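A.B. asks: I'd like to ask you about the structure that follows.
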Amino acid sequence: MSINQEIKFLYTKKQKLNEQLYNLHLKCATTWQNYWHIIQSTIDSKLQQEIETHYNNLNHKLDKLQNKQHSKNKAQQNSQGQHFYPRTVNLTKIKFTKEEMALLNHGLQHSIEEPLKTYWINLIIETEQAIELLDAMMQNPFRILPTKKLKQIFTSNSHYNATQ
């Protein structure tokens, strides 16, 4: 309950600050009419720099904490002598390489086959049919997004397959 009240209080405080900022923004725009866009861009760039340094510091702290936690967990596991059993147990006389064992450890649902051309063709046809159901004015913007996404998927799959 107290957390909800605190959130509500902070939200109303934020709303008041936003309102004050908006009023000051309007006042400054009327005071420095022709020069306001220059002043505003300067303020925005300074704020962006401060935000970047602030978030870089936060990210640095977070990375340090994660590394510390990760090393602490490893030390605890090693000191406690915990032993995790492998996901795959080879009960045959076949010797598997590390890559083959890694693939088997992905599980039975892991697919290694490449997407077929018919899969891509069907995906493109179904996407086009869905877009054609939209209003004529909305069709072109909605054609651009799937085209970019399909190209991205296709190039990432072709790059992935080329590395193997």
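The values are calculated or read from the model by the stated rules, or taken from the named source; none is laboratory data. What you are looking at is a predicted structure, and each value in this text was computed from that prediction instead of being measured. Positions of Cβ are generated from backbone atoms using ideal geometry, with glycine treated the same way; all protein chains shown enter the neighbour counts.
A.B. asks: Can you tell me how many residues within the stretch 133-158 are under 20 Å from the mean Cα position of the chain (by Cα), within 17 Å of TYR119 (Cβ to Cβ) and loosely packed, with under 12 Cβ neighbours inside 10 Å?
C.D. replies: 5
A.B. asks: Quick check on this structure: which one of PHE96, PHE84, PHE154 is modelled with pLDDT under 80, at negative phi and part of a loop (DSSP other than H, G, I, E, B)?
C.D. replies: PHE84
A.B. asks: State yes or no: is GLN33 out of contact with any Cys (no Cβ under 6 Å at 6 or more places or on another chain) and part of a helix (DSSP H, G or I)?
C.D. replies: Judged against the criteria, GLN33 is not a match.
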